[in-house]
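The block underneath contains the structure these notes are about, expressed in structure tokens.
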Amino acid sequence: MKRVYIIHRWGGDSTSDWVPWLKEESEAKGIEAHSPDMPNPDAPTIEAWTGAIRNTIQNPDDETYLIGHSVGCQAIVRYLSSLQENEMIDKAILVAPWTKLTNMNDNMQELVKQWTDTPIDWEGAKRHCKSFTVIYSNDDPKVQEENAKEFGNRLGAKLILEENRGHFTDEDDVTQLPVIIKEILSF
């Protein structure tokens, strides 16, 4: 049975944005769905978030799908690169991923620093995931289009541009994201 794990964004939780809709839609299609609340969402750390993903996913396999939003994408990629040699998931769908952010205040820049300054093992992540999809918006105020594309290119991901969706948050009126269901069902 396919299992979907949805990792929310910075400052979000399992009730934010399109996460509850995706969980419900996945379950309606017979897919087991999990949307854990990540630790300290207003000041996430790499260790805490990758550890929480590791604790949530007991047996990653070819029926495992990971879906991340914003910093959740980084946490997923970092988690994948930490898997054991024989562990492999089927797909990761990354919404508004970034390696750097724009339009941040000084406090936010300090919080983001560990995520931007700690190198990502892109090749390690690719060894543990059969395929990646990156979904990004042309008007995201936090993630420039080129940054999302770079993230996708480093992973050899399928790139999907969604027009005028901002950062895919409640504030952007994005409470459903049907393109994710299409991507899950296409594999």
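The values are calculated or read from the model by the stated rules, or taken from the named source; none is laboratory data. Note that this is a predicted model, so its numbers are computed, not measured. All Cβ positions, glycine included, derive from the backbone under ideal geometry; neighbour counts span all protein chains shown.
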Close pairs from region 1-15: first β-branched (Val, Ile, Thr), partner at pLDDT below 95, Cβ under 8 Å, at least 6 apart: Val4/Ile184
Residue in region 50-80 that is farthest from Lys2 (Cα to Cα), counting only those that are surrounded by fewer than 19 Cβ atoms within 10 Å (Cβ to Cβ) and touching a residue at least 24 places away in the same chain (Cβ under 8 Å): Arg54
Residue in region 140-160 that is of a type in the set (Gly, Ala, Ser), at pLDDT below 95 and farther than 20 Å from Ser16 by Cα present: yes
Residue within region 88-103 that is among the β-branched types (Val, Ile, Thr), surrounded by fewer than 13 Cβ atoms within 10 Å (Cβ to Cβ) and touching a residue at least 24 places away in the same chain (Cβ under 8 Å) present: yes
Flag if Leu111 is modelled with pLDDT of 95 or more and over 21 Å from Ser35 (Cα atoms): no
Residue ID - nearest to the chain's Cα centre (by Cα), chosen from residues in region 56-76 that are within 13 Å of Met88 (Cα to Cα) and of a type in the set (Ser, Thr, Tyr): Tyr65
Whichever residue in region 161-187 is loosely packed, with under 13 Cβ neighbours inside 10 Å and polar (S, T, N, Q) and, among such residues, is modelled with the highest pLDDT: Asn164
Answer residue from region 31-44, given it is more than 15 Å from the chain's Cα centre (by Cα) and in contact (Cβ under 8 Å) with a residue 24 or more places away in the chain and is surrounded by the most Cβ atoms within 10 Å (Cβ to Cβ) among those: Ile31
Complete set of residues in region 1-15 that are within 14 Å of the chain's Cα centre (by Cα) and closer than 21 Å to Ile181 by Cα: Val4, Tyr5, Ile6, Ile7, His8, Arg9, Gly12, Asp13, Ser14
